[in-house]
Structures are given as C-alpha cells and as structure tokens.
Amino acid sequence: MFTELGHFALILAFTVSIVQAIIPLIGAHKGWHGWMAVAEPAATAQFMLLFYSFIALTYAFVTSDFSLQLVVANSHTDKPLLYKFAGVWGNHEGSMLLWVLILALFGACAAWFGGNLPDRLRARVLAVQSSISVAFLAFILFTSNPFLRIEQPPFNGQDLNPLLQDVGLAFHPPLLYLGYVGLSMSFSFAVAALLEGRVDAAWARWVRPWTLAAWVFLTAGIALGSWWAYYELGWGGFWFWDPVENASFMPWLFAAALLHSAVVVEKRESLKSWTILLAILAFGFSLIGTFLVRSGVITSVHAFANDPERGVFILIILGVFMGGALTLFAARSHVMQAKGAFAMVSRESALVLNNVLLAVSSLVVFVGTIWPLVSELATGRTLSVGPPFFNVAFTPFMVLLGAVLPIGAMLPWKRAKLGRVARGLIPYFVVSVALAGLVWSLQTGRSLLGPIGLFLGSWLVFGAFADLWLRSGRYGIADRLKRMTRLPRSDWGKALAHGGLGITIFGVAGLTAWEHEDIRIAAIGETFTVGQYEITLDQVSEEPGPNYRSLIAQMTVMRGSRVESVLYPEKRIYPVQAMPTTEAAIDNGFLRDVYVVIGDVQENGGYAVRVYIKPLANWIWAGSIIMAIGGGISLTDRRYRVAAGARKPVTNATAAE
Amino acid sequence: MKNIILALMLFATPIWAVEPDELLADPALEARAQDLDEEIRCVQCVSETIASSNADWAKDARIMVRSLLIEGQSDEEVLEFFAERYGDVALMRPRRAGVNLLLWYAGPIMLLFGAFGAWFYVRRRSQEIQPEALSTDEEKRLKSLLDD
C-alpha cells in the first residue's frame, strides 16, 4: 500500500511538474501575476511528492519488500541495514529517483529563498527548472520505473553488487548528484536570463552561490569517489580516466570556469554572454555524463546495466535542452551589453585565461572520452583511449593553469601593472623553485614529475598565502595578522580553494612519481623489507561476515625497532553474487600510506601479498576537501548573507574588493 | 614458446594463477614490463588495463608481456603483438596516425582557437578603456582606500 502510494506520488509529481513548466512561463510572458505565482507552491508540491515517493522506495528496500522487481534485483535480507538504505541509489532506477528528487529540491530552494528575486525572473527560473523535471520524470516513468511489481515474489533477493557494499555508497552518489544536478540551477538562471534579455550584477549574485554550492558538492563527491576507489579496488589507484569519472570531471571543470566568469559579471558587468554560455554548457556536460553512465554506448566499470532505449531517451532530452538553450543563446546573446571595459593586463583578462584553460582542458577530456565512439562510427574500427592519452593530453593544461594562477589571482581589476604584482610574489616563487630543485637533486634519475608537482604545489599554496598577506598593510606582524582575519570571507575562501588545488596537485604528482610496490609470496611468520619498512605476515584466519566469508591476515609493519602499525587486510567472498572483493588495509600517515593487500593461498602454503608505499596519498583528498571548504566559506560571505539579489551599484561592489 | 603460452592463454590454466610468480627476476626488465602493463587494455574487461585487472585474461596477458620481453623484443614489438591479435582496442594509447591525429592535436588546436578568441575579445575590451583614465574623484577615493 505504502509502496503503491509512492508510485502514485511519482506520477502526481510528473503532472505537477508539467503545470509548473508551462503556467508560470506564460504568466511571465504576458505579465499575469496570478499565473506566475503558481510556480512557488508547485515547486514545493513537486518536491514533497518526490520526497514521499523516495521514502516509499526506501521503505521497500529496508523492509525487503520482494514484490518489487528492483528490490529483488538489488537487495537481500542478510544485507546490512546501512546498505539497505544506501542500496536505494545503488541501481539505475533508484538513482534516477534520487536525481529528480535533488532536482526538485533545488527548484524548491529557489522558490523558498528567492523572495527577493524579481517576480518575472523567478517564475521563469522555476518553469525552466521544472521542464527538466518533466523530461526526467517521463524518463523514469516510461523507461525506468522503480515501482514495478513482480507477480510471484521470490523468498529472497539477488543482493547488491559487493563492490558497492561500502560506506562510500552512502555518501558518494548523493554528493555527486547534488553537484551534477545543482548545475541545473545555473542552467535555469541562464535560460531565464536569455528569455528576459537581461543579465546584470544582481543576476550574477544569484547564480554564483548556486554554482558555487554545486561545485563544492561535486568537488567533495569526486574526492570521495576517488578515495573509495583507492581503498576498495585493492591496488590503490585513485583516478582511472574511466568514461564515467570523466563524466563527473567535465562538469566540474566547467563549473570551476563558470564560478570565475560569474565573478566578472558580478563585479564588473563584463563577460556576460560567455558566462551564460558556460552555464548552459556546464549543465549540458552533466546531462552528457548521465547519458554516458546510463546508455551503454561507452563501456565503463561504473555503467549501470542498460538498454539502448534508455540511451535514446536521454539523448533526446540532451538534444532538446542543449539544442533549445543554444538556439536561444544564438538568438538572444547579442542583447547582453557588456559594460565594463578592461585593460590587457587586469584581473578580468586573467579570468578569461582561466576560462580558456579550464574549458579547453574539459573539452580535451570530452574528445578523449567519446573518441572510441567517433572512431567506430567513422572508420568502423574500435579503439581505446586510456590513461596514457589523458595523462599526456590533459596534464599540460593544469601545469599552465597552476603556473599562472597565483599571479592572476592578485592582479587588480580593470587595469593592472604586471611588474608590481610579480615583484610581491618573487620571494614565494624563489622558495618554490628552490624546494623543487632540492627534491630534484635528492631523487636519483627519475622523472621530472615529482619536482614539477612540488613546485606547482608550493607556488599555489604560497601564492594563496601571499594573496592574503600582501593585503594586510605594513604595520608589524601582529597588526597584519589581525587585518588578515578581517578580510572578507570570500577572500579566505578563494585563498583556501587555490591552496587546496596546490596540495592536490602535489599529492597527485608525488604519489605518481614516488610510489613503491612489492608483490611476493609470503609464508606465515615470514618477514620482508619494503622501502624503509619491515613487514611480517603474522597469521591468516577465516572468519564469517554478515553476508560474506572473509580471509583475514594480520600483518605487522615495523620501521627499525618500532612497530608502526598492525594491519588486517581481508579478501571477501560474497556467495550470493559469487564475487570476491579485496579489502585493503591501510596505515594512513601524513607523508605516506602503507597499503597492504592479501591474496589467494598458494599451493606451497604461502599467500600472495602486495605491499605499496604510497607517498602523499592523503594530500590528494585533503587538498580536495580544503578546496570544498574554501568554496563553503566563500558561500557564507557577507554579500550573500546580506545583499543577495539586491541591486547595488557596481561601484560599491568593486570598492568592497 | 610463444605458441605454448598462446595456447595456455586460451585455456587459462590455474598453473598461471600465481601473481607473484609473474614477476621477472631482472628488475630492469620487470620495470619495463610494468610500464607496458599500463599501456595494454584487458580486452575482456571494461576499461581496465592489464596492470589493474584481476581477470584471468589480464593475468595471462601480463605473462605474455614478460615472455616476449625475455625473448628480447622491444616495447613497440610487444605492443604490436597485442594490437595484431586483438586490434587497436588493446592499446590504451591510441596510435598517432590517421584520424587519431585529430584526437592528439585536439588540445593544442582548441587552445589556439581559444587563445585567439580571448585575445581579440580582450583587445576589443581594452581599446574601449584607452581614452578613459581615473577621474579626480576616483583618484581621491583610491587614495583614501589605500590609506585606510
């Protein structure tokens, strides 16, 4: 009964979304206030209905209601409770429901907190947002309905894919979707602005926090996914350039570009049409990601089991929304009059450079991701585009970006003197080069990767510090520190995000360049040396788990005569899906991780054992989290708390810088 | 030797299911082999290299790489061996030839276009600013801000 009501609520939400997509739009066009006012209650109703529907599906999973096809295919009574909850979105249909729920949540937020937006703009934004709901609710109801029943329910289900049975599943997809889908807000604002024919600082002040929030979630979601892969897949890889990872990375790069160009619109009323285009493209790439994951045209470890019918449906959605928005853009973008002029050397120009680098690097990832498809269509031959390509083609853009970022971030608006900014940064540059040189001379005959990573990392971190420090006056350290704490939060957010990027870059470069691995057969009681560590395989035992059997090893990691840690790597067999998984054991450290994996028992009685020393591994995720925190702090900046949507003259906004 | 291993690859016997045994005694050769592992795709898996895949096929492919290296073949020859038998799908790094040149040069070409576009845009914006200088009012405000 409860489940059936959930199904009903889903259908009702579909009809509400149709109303919300049409009525306010007509109202805004004709200037009928009553029609425009439909948008807010409709947005709330849509969200409530979908929320109820989602709860109903969750209830079915938690109570193991095997009359639902989806629950049979993805659950089991023995599955731990956490995964009964998280398992709701561990499959195609359920994750789509989460997708539209978040879409409706963003729409509802715009309705709840958009009180100070102009009526007409708000009505249009909510209508556009709801038209996306219409498309995806139709997709769910007609091709991927989670509420389909089975006539004769079985006694038990087929269990969830064991690789997914991890805490990561509880957080990674929701965060990622908050990011992906959050970009729909920027899209709706962009399309609404095109319909209005006007973009001003107030518009940007609205779009920017939504984009920033989406970007923060996307950053956290991608970082979490990468960390999950790192400890779950059993060999400590953190990024594979898999099509689905790329699908989340492309919107992230575009969102980052959009964040920066929206600043220019907000503070200088320039780059307007470009910002609109970026907002459309950022969400477009979210949709492309959805298409890649769910259509099956591109093989990926992440892809849901899929059929071409769904792929075609999403392709049509993608075509309609991108085609429509871009046509509208072509027809209307000339109306956007840019106001602020700026010199060749200025913050604006630096941000244009930022946008070029981010957008092009994202397009490189895009071309690489779809190239197998293009090649097959063009020449009939299949081929692969893997990590070796992306590492070569993508990395230079990030190196370039990192190299110019600290200078660009400190250039004054409108007109700047490069020499003045550069002079202030010289000491930080010299220290960064010196650090890299030191490492270069210490390591023997290896690649330049490590030193370059260290240079970029420290240059970005010191540059971010300098950005705050050099604006703190010149009256002694105590006074400068005090002044630093009084800088606007958006400045702190910016510095943290840029510094975090540096830390991540250094982590990636360090891990890739200096990783050390050891693979061997070890007998029980045997001690062997890996790098500076002595590792002993103490014992191996078999233990039962809730829905798996486990082979657990105990391994002691010693350095000199000191015990660094005792680790318990596992190898699990999930009988229902007849699938083994490796659970690596990791001794997390500030400078390195010791990562151990236990393998199969050998014929002569030993065990296959892998040990990896992974330098700076945690820096990758620490940097990403710092980036996300920086974004979060920037979101709490005074101008969003106090002045969101208010029309202040531009001069005031620049003076606040 | 090659034929025997090829036959074994087809039948994936458990004799080879010993991962640490795959390793070559010569560290230099093993390092080359591991670099090659990153370049070859496990054609029976979904977008994984033979270095990271646990599949039997990947395991056999790793052994094949090593036996070819022991025979004294160059890195290119090893990659060619896999490309011949399984098609270009087996290569994680697409060849720099034919249509693929477009893929390889997509980045630089797009950067060039982007840079040109940005250059013209910024130049147009900066020409508008040329005659304009800070007004006396602005100078005063600037001064008061700087003194703050």
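The values are calculated or read from the model by the stated rules, or taken from the named source; none is laboratory data. The model shown is predicted, which means the values in this text are computed figures rather than measured ones. Using ideal geometry, Cβ is built from the backbone for each residue, glycine included, and neighbour counts are taken over all protein chains shown.
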Only listed residue being away from chain B (no Cβ under 14 Å) and under 26 Å from A:Ala257 (Cβ atoms), chosen from A:Ala478, A:Ala509: A:Ala509
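Would it be correct to say that B:Arg85 is of a type in the set (D, E, K, R) and either in contact with a Ser or Thr (Cβ under 9 Å, 6 or more places away or on another chain) or within 11 Å of chain A (Cβ to nearest Cβ) (or both)?
Working: of a type in the set (D, E, K, R): yes; either in contact with a Ser or Thr (Cβ under 9 Å, 6 or more places away or on another chain) or within 11 Å of chain A (Cβ to nearest Cβ) (or both): no.
Criteria not met by B:Arg85.
Working only within segment A:547-566, note down all residues that are in a strand (DSSP E or B), touching a Phe, Trp or Tyr at 6+ places or on another chain (Cβ under 9 Å) and of a type outside the set (Lys, Arg).
Taking segment A:547-566 first, the residues in a strand (DSSP E or B) are A:549-559, A:562-566.
Filter once more, keeping what is touching a Phe, Trp or Tyr at 6+ places or on another chain (Cβ under 9 Å): A:549, A:551-555, A:557-559, A:564.
A:Leu551, A:Ile552, A:Ala553, A:Gln554, A:Met555, A:Val557, A:Met558, A:Glu564 - these are the residues of segment A:547-566 that are in a strand (DSSP E or B), touching a Phe, Trp or Tyr at 6+ places or on another chain (Cβ under 9 Å) and of a type outside the set (Lys, Arg).
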Any hit, segment A:502-518, residues being buried (at least 16 other Cβ atoms within 10 Å of the Cβ) and part of a strand (DSSP E or B): yes
Subset of segment A:321-375 (residues that are within 18 Å of A:Val265 (Cα to Cα), away from chain B (no Cβ under 14 Å) and either at pLDDT 95 or above or more than 28 Å from the chain's Cα centre (by Cα) (or both)): A:Arg332, A:His334, A:Val335
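What tally of residues in segment A:523-537 results from selecting those that are of a type outside the set (Asp, Glu) and part of a strand (DSSP E or B)?
Applying the first criterion (of a type outside the set (Asp, Glu)) to segment A:523-537 yields A:523-525, A:527-533, A:535-537.
Okay, now just the ones that are also part of a strand (DSSP E or B), so A:527-530, A:533, A:535-537.
Total satisfying the criteria: 8.
Residue under question is A:Leu233, and the condition is that it be at pLDDT 90 or above, surrounded by fewer than 24 Cβ atoms within 10 Å (Cβ to Cβ) and either more than 14 Å from every other protein chain (Cβ to nearest Cβ) or more than 30 Å from A:Pro412 (Cα to Cα) (or both); does it hold?
Working: at pLDDT 90 or above: no; surrounded by fewer than 24 Cβ atoms within 10 Å (Cβ to Cβ): yes; either more than 14 Å from every other protein chain (Cβ to nearest Cβ) or more than 30 Å from A:Pro412 (Cα to Cα) (or both): yes.
Criteria not met by A:Leu233.
Across segment B:82-110, which residue is farthest from A:Leu357 (Cα to Cα) among those that are charged (D, E, K, R) and surrounded by fewer than 17 Cβ atoms within 10 Å (Cβ to Cβ)? Walk me through it before giving the result.
Applying the first criterion (charged (D, E, K, R)) to segment B:82-110 yields B:84-85, B:88, B:93, B:95-96.
Okay, now just the ones that are also surrounded by fewer than 17 Cβ atoms within 10 Å (Cβ to Cβ), so B:84-85, B:95-96.
Working: B:Glu84: 38, B:Arg85: 39, B:Arg95: 25, B:Arg96: 24 Å.
For segment B:82-110, the residue satisfying everything is B:Arg85.
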Cross-chain or 6+ apart pairs with Cβ under 8 Å, segment B:86-98 first and under 20 Å from B:Ala51 (Cα atoms) and in contact (Cβ under 8 Å) with a residue 12 or more places away in the chain, then surrounded by 21 or more Cβ atoms within 10 Å (Cβ to Cβ) and of a type in the set (Phe, Trp, Tyr): B:Ala90/B:Phe82; B:Leu91/B:Phe82; B:Met92/A:Phe389; B:Arg93/A:Phe389
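Within the bounds of segment A:616-630, is there any residue that is part of a loop (DSSP other than H, G, I, E, B), free of Cβ contacts under 8 Å to residues at least 24 places away in the same chain and not basic (Lys, Arg)? Outline the logic, then answer.
Taking segment A:616-630 first, the residues part of a loop (DSSP other than H, G, I, E, B) are A:616.
Retained after the next criterion (residues that are free of Cβ contacts under 8 Å to residues at least 24 places away in the same chain): none.
No, because not a single residue in segment A:616-630 is part of a loop (DSSP other than H, G, I, E, B), free of Cβ contacts under 8 Å to residues at least 24 places away in the same chain and not basic (Lys, Arg).
With respect to A:Gly623, determine if the residue is out of contact with any helix residue (DSSP H, G or I) (no Cβ under 9 Å at 6 or more places or on another chain) and either modelled with pLDDT of 90 or more or over 30 Å from A:Phe455 (Cβ atoms) (or both). Please lay out each step first, then the result.
On the way: out of contact with any helix residue (DSSP H, G or I) (no Cβ under 9 Å at 6 or more places or on another chain): no; either modelled with pLDDT of 90 or more or over 30 Å from A:Phe455 (Cβ atoms) (or both): yes.
No: the conditions fail for A:Gly623.
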Considering residues of segment B:96-148 that are at pLDDT 75 or above and part of a loop (DSSP other than H, G, I, E, B) only, the residue nearest to the other protein chains (Cβ to nearest Cβ): B:Val99
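So how many residues does segment A:145-196 have that are of a type in the set (Asp, Glu) and under 26 Å from A:Ser248 (Cβ atoms)?
Initial filter on segment A:145-196 (of a type in the set (Asp, Glu)): A:151, A:159, A:166, A:196.
Keeping just the survivors that are under 26 Å from A:Ser248 (Cβ atoms) gives A:166.
Final tally of qualifying residues: 1.
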Residue match in segment A:133-145 (condition: touching a Ser or Thr at 6+ places or on another chain (Cβ under 7 Å), surrounded by 21 or more Cβ atoms within 10 Å (Cβ to Cβ) and of a type in the set (Phe, Trp, Tyr)): no
Hits in segment A:1-22 (condition: under 15 Å from A:Leu98 (Cα atoms) and among the small types (Gly, Ala, Ser)): A:Gly6, A:Ala9, A:Ala13
Checking A:Leu405 against (1) aliphatic (A, V, I, L, M); (2) out of contact with any Leu (no Cβ under 8 Å at 6 or more places or on another chain); (3) more than 8 Å from chain B (Cβ to nearest Cβ), the condition it does not meet: (2)
Among the residues listed as A:Ala497, A:Ala464, the single one being in a helix (DSSP H, G or I), within 30 Å of A:Phe238 (Cα to Cα), touching a His at 6+ places or on another chain (Cβ under 6 Å) and modelled with pLDDT of 85 or more: A:Ala464
Residue within segment A:269-278 that is within 14 Å of chain B (Cβ to nearest Cβ), part of a loop (DSSP other than H, G, I, E, B) and either touching a Leu at 6+ places or on another chain (Cβ under 6 Å) or crowded, with 24+ Cβ neighbours inside 10 Å (or both) present: yes
Leading residue by the ranking (farthest from A:Arg592 (Cα to Cα)) among those in segment A:467-494 that are among the small types (Gly, Ala, Ser) and in a helix (DSSP H, G or I): A:Gly476
Among the candidates A:Ile535, A:Ile573, A:Ile586, residue that is touching a Phe, Trp or Tyr at 6+ places or on another chain (Cβ under 8 Å) and modelled with pLDDT under 90: A:Ile573
Leading residue by the ranking (nearest to the chain's Cα centre (by Cα)) among those in segment A:100-144 that are within 26 Å of A:Lys30 (Cα to Cα) and not in a helix (DSSP H, G or I): A:Gly114
Meets criteria (buried (at least 22 other Cβ atoms within 10 Å of the Cβ) and in contact (Cβ under 8 Å) with a residue 40 or more places away in the chain) for A:Gly531: no
Tally of residues being assigned to a helix (DSSP H, G or I) and in contact (Cβ under 8 Å) with a residue 24 or more places away in the chain across segment A:401-430: 15
